[in-house]
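To keep things clear, I will list the structure first and then write my remarks on it.
Rule-based calculations on the coordinates, nothing more; no lab input. As the structure is a computational prediction, the values presented were derived from the model and not from experiment. Neighbour counts run over all protein chains shown; Cβ positions are idealised from the backbone, glycine included.
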Amino acid sequence: MNMLKTTFLLTLMTLLMIFAGQALGGQAGAMFAFVLALVMNGVSYWFSDKIVLKMYRAQPVTEAEAPLVYGIVADLAMRAKMPMPKVYVINNATPNAFATGRNPSHAAVAVTTGIVQILNREELTGVLAHELSHVLHRDILIGSIAATVAGAISMLANMAQWAMIFGGFGGRSDDDDGGGFLGMIVMMIVAPMAAMLIQMAISRSREFAADAGGAKLCGNPLWLSEALRKLENANRRVPMKAANPATAHMFIVSPLRGGGMRSLFSTHPPMEERISRLEGMVYGQK
């Protein structure tokens with residue numbers, strides 16, 4: 001169901017991009033923006049693991065240096081029949097974790113020093129199983145596709161602004177296909193916001209899928225649900241000050257705080273719902 005929802009949202013975002021290109025008034029401009037966004041996000045897809053690990057000053061560790069984390073990752077990787085990911089530790093008191101890598105053969109798992117201090121072995125196993133599920137589900141690829149289309153839409157919006165400043169795009173008139181002035185306004189304001197909302201919805205859908213996959217991989221959904229409850233409370237008390245909003249979606253719990261209208265743009269589902277779904281796997285849905 002989560003993959004079906006993700007496919008629907010990606011299709012919706014693609015249709016939104018087509019509408020944006022038509023509103024701008026030319027397939028050439030839409031194609032240019034899409035190709036440019038594809039190149040930018042392609043670079044991000046291939047090198048994002050190195051970029052984000054360096055951003056948080058993550059240090060690679062061996063089994064001798066971090067026997068608990070390394071041992072859990074090795075056991076889970078064997079269960080999942082995937083190559084052993086690289087293991088990193090981030091010197092940060094805020095308990096959190098993330099995985100990166102374009103496929104199981106190029107995967108890395110990073111944990112903060114804070115998460116090892118507050119979780120027991122079972123809870124940490126649930127967290128790491130969640131992260132490996134992201135890799136197994138190819139969520140980095142899915143996120144890159146969503147970012148590519150959203151980036152193209154944003155570029156089209158910027159092109160529309162310049163088009164209005166200079167009196168049109170490519171000499172097109174208001175009678176041409178694309179909606180004229182009103183289409184330009186919708187393109188500049190509504191389309192980028194809609195694309196962002198869809199991109200965030202895709203991210204939330206993938207979190208649910210990783211929760212379910214992680215629960216099955218570790219063998220006990222309650223290990224992950226208890227870990228999420230602890231991590232949510234701990235991140236409220238000790239927020240990650242150095243967290244970059246562009247990488248917030250990678251962490252198992254959002255390092256950014258916010259509620260109300262800001263929750264629409266959240267990369268993570270409500271924690272209560274995540275915990276409820278995991279507990280439902282054990283006790284049955286209420």
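Simple rule: put +1 on each Lys or Arg Cβ and -1 on each Asp or Glu Cβ in the stretch 80-167, find the dipole, and look at 104, 135, 90; the Cα lying farthest toward the positive end is 104.
For residue 282 and residue 43, FRET efficiency with R0 = 51 Å and r from the beta-carbon atoms, rounded to 0.05? Mind dumping the intermediate values first?
Numbers: r = 42 Å, r/R0 = 0.83.
Taking R0 as 51 Å, the efficiency between residue 43 and residue 282 is 0.75.
Pairs over the 29 Å Cα-Cα cut-off, from the set 54/216; 50/241; 54/230: 54/216.
Each of 223, 162, 46 was scored by other Cβ atoms within 10 Å of its Cβ. Arranged with the fewest first, they read 162, 46, 223. Between residue 11 and residue 55, residue separation times 0.36 nm minus the direct Cα-Cα distance comes to 12.6 nm. A protection proxy built from the mean count of other Cβ atoms within 10 Å ranks the segments 149-159, 267-277, most packed first, as 149-159, 267-277.
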